[in-house]
């Protein structure tokens, strides 16, 4: 079928809205683009080979990935309960889950230290099994989990809500236990939302600065000491100025974009089918 | 046999209570009730998918009230069919078999066999979203029947279909029931469906079972307004069909022989719309094949129309305008003739 487009004179509102849209898009893309194109590929390559830079990037990707896996394991079951069950105080609980998004992240870091520092509560428990959260990869991970888990839980919850309860009921009558019905029906059908929530969680975790700064500023990582990428960028800027911070910033932006875009592509692959 | 004893279910706004039913093995049982009467929830309670406040559910002498749904051997088909959208038709039908860890070859064999019976063999590779309503319905039936349930629950299985598909599905259901022999509990708000399919019907009204019996019984002595309303809109008879002369079938409905057009033989039901019957003082000379004398036994005024019951026996309910009612000077006890065409009778 062919569509014929008739040229219509755009009305005033459309013109204004398009102009406003262009302004905000430029605002988003201009700084990113300018930073990335200001260094020659050779300089970027050399920056990437800098041990401090690549170990920082690897640490960031790795820690955000562990955080997301922990998030999947602990967050998806909760998301399922929130999507399926009605109970007293559910609204309140849902608000509680979103708190990490609204509080300042440095404050979140301090709060985490109060619980996971080796002299306190959970920290002491973990300390006995040899895990310490202060200035360690584990600390980076819990800081990332704290600030990014709401994205995964919310997205997974919405995903489960779109799965018709009757599909689960039918699965049960066909002989599926609650576990099987969850893994064979609910989970595959909510997978896209869970995956895109994971991508958001990973991205948010990888870009965390404040909470990580307080909890795990400089950590031992595969024989080196490393800082997560957001802290590295801030440090380079603070110590050497804009010009030195620029190549590493460009690298961080590029890698973030590549990972984010490829994951989103996977998540939305086959959407139109 | 399925026995439901004193079941009580909380529907939020009201209670479903005092539900006592005994359904024989292999029976086609209908639960009839208006929309919003809690029919779906009743089915879910029987299947173990909805919590029960009080009462018991028994299947063949074992109590299943506290058994989880996957252990009850009760299958359900919802009104919207609820096919798994992430699986192919084949994957949908094989779902229950794969859970039971049957060997692959045996799964394939069973899936093919049931697909053949319900007539979806050509659809096995398709995704459910690409099927028509009738096709989805058949796949849903195949998916549940392949697991060989003892009881099959059907939740308004025909109400989402267009009239033509609906009629075809009705005979498919009847045929399946005959071939597979599974006990069926079918809920519907459609009286015609109930009459066409049900060996027995339970009428659900205001959260209680108002009446249980064969469709004709319920029509003869309706205990709820919902049934009574329908009873006025249809004449339903049970009879024995045999071949008559000149291509017409002859149906003996006890006392009189009706001429009808059908290929069916043996025990059948007939329905006849009240507006298709002509009342006259003298026998009519027309091409209509059925003409009988009877006595007016009841008169019900409904605005511009009048329902007149004529007893031959059996009772025929006829609908005429107020004007012809007055012209004929009808009252109870008057002798009249009723006439209707063989083609006006629906035999099923």
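So the values come out like this:
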| item | result |
| --- | --- |
| Positions within region B:31-47 being touching a helix residue (DSSP H, G or I) at 6+ places or on another chain (Cβ under 8 Å) and at pLDDT below 90, in sequence order | B:32, B:33, B:34 |
| Residue within region B:37-50 that is touching a residue at least 24 places away in the same chain (Cβ under 8 Å), over 27 Å from residue B:133 (Cα atoms) and away from every other protein chain (no Cβ under 13 Å) present | no |
| In region B:143-164, the residues that are touching a helix residue (DSSP H, G or I) at 6+ places or on another chain (Cβ under 7 Å) and either more than 9 Å from every other protein chain (Cβ to nearest Cβ) or part of a loop (DSSP other than H, G, I, E, B) (or both) | B:145, B:146, B:147, B:152, B:155, B:157, B:158, B:160, B:161 |
| Residue within region B:20-35 that is within 14 Å of another protein chain (Cβ to nearest Cβ) and either in contact with a strand residue (DSSP E or B) (Cβ under 8 Å, 6 or more places away or on another chain) or under 16 Å from residue B:210 (Cβ atoms) (or both) present | no |
| Which listed residue, of B:333, B:266, B:303, is exposed (fewer than 15 other Cβ atoms within 10 Å of the Cβ), out of contact with any strand residue (DSSP E or B) (no Cβ under 7 Å at 6 or more places or on another chain) and at positive phi | B:303 |
| Selection from region B:103-121 of residues that are buried (at least 18 other Cβ atoms within 10 Å of the Cβ) and either within 10 Å of chain A (Cβ to nearest Cβ) or more than 30 Å from residue B:188 (Cβ to Cβ) (or both) | B:107 |
| Enumerated helices (runs of 4 or more DSSP H) restricted to region A:135-235, each holding at least 3 residues that are in contact (Cβ under 8 Å) with a residue 24 or more places away in the chain, more than 16 Å from residue A:57 (Cβ to Cβ) and more than 14 Å from chain B (Cβ to nearest Cβ) | A:137-161, A:187-206, A:210-215 |
| Residue within region B:136-143 that is surrounded by fewer than 22 Cβ atoms within 10 Å (Cβ to Cβ) and either under 19 Å from residue A:170 (Cα atoms) or out of contact with any strand residue (DSSP E or B) (no Cβ under 8 Å at 6 or more places or on another chain) (or both) present | no |
| Matching residues, region B:277-295, being surrounded by fewer than 17 Cβ atoms within 10 Å (Cβ to Cβ) and in contact with a strand residue (DSSP E or B) (Cβ under 7 Å, 6 or more places away or on another chain) | B:280, B:281, B:282, B:283, B:284, B:286, B:291, B:293, B:295 |
| Residue satisfying all of: in region B:61-77; touching a strand residue (DSSP E or B) at 6+ places or on another chain (Cβ under 8 Å) and over 27 Å from residue B:134 (Cα atoms); farthest from the other protein chains (Cβ to nearest Cβ) among these | B:63 |
| Every residue from region B:78-102 that is more than 8 Å from chain A (Cβ to nearest Cβ) and within 27 Å of residue B:188 (Cα to Cα) | B:79, B:81, B:83, B:89, B:92, B:93 |
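A quick yes/no check of all residues on (1) farther than 30 Å from residue A:99 by Cβ; (2) crowded, with 19+ Cβ neighbours inside 10 Å:
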{"residue": "A:163", "(1), (2)": "no, yes"}
{"residue": "A:184", "(1), (2)": "yes, yes"}
{"residue": "A:215", "(1), (2)": "no, yes"}
{"residue": "A:220", "(1), (2)": "yes, no"}
{"residue": "A:227", "(1), (2)": "no, yes"}
{"residue": "A:236", "(1), (2)": "yes, yes"}
{"residue": "A:246", "(1), (2)": "yes, yes"}
{"residue": "A:263", "(1), (2)": "no, no"}
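Rundown of residues vs (1) more than 29 Å from residue B:242 (Cα to Cα); (2) out of contact with any helix residue (DSSP H, G or I) (no Cβ under 9 Å at 6 or more places or on another chain), yes/no style:
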{"site": "B:287", "(1), (2)": "no, yes"}
{"site": "B:292", "(1), (2)": "no, yes"}
{"site": "B:301", "(1), (2)": "yes, no"}
{"site": "B:309", "(1), (2)": "no, yes"}
{"site": "B:317", "(1), (2)": "no, no"}
{"site": "B:320", "(1), (2)": "yes, no"}
{"site": "B:339", "(1), (2)": "no, yes"}
{"site": "B:342", "(1), (2)": "no, yes"}
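The values are calculated or read from the model by the stated rules, or taken from the named source; none is laboratory data. The shown structure was predicted, so the numbers you read here are calculated from the model rather than taken from an experiment. Every residue, glycine among them, receives a Cβ derived from its backbone with ideal geometry; neighbour counts consider all protein chains shown.
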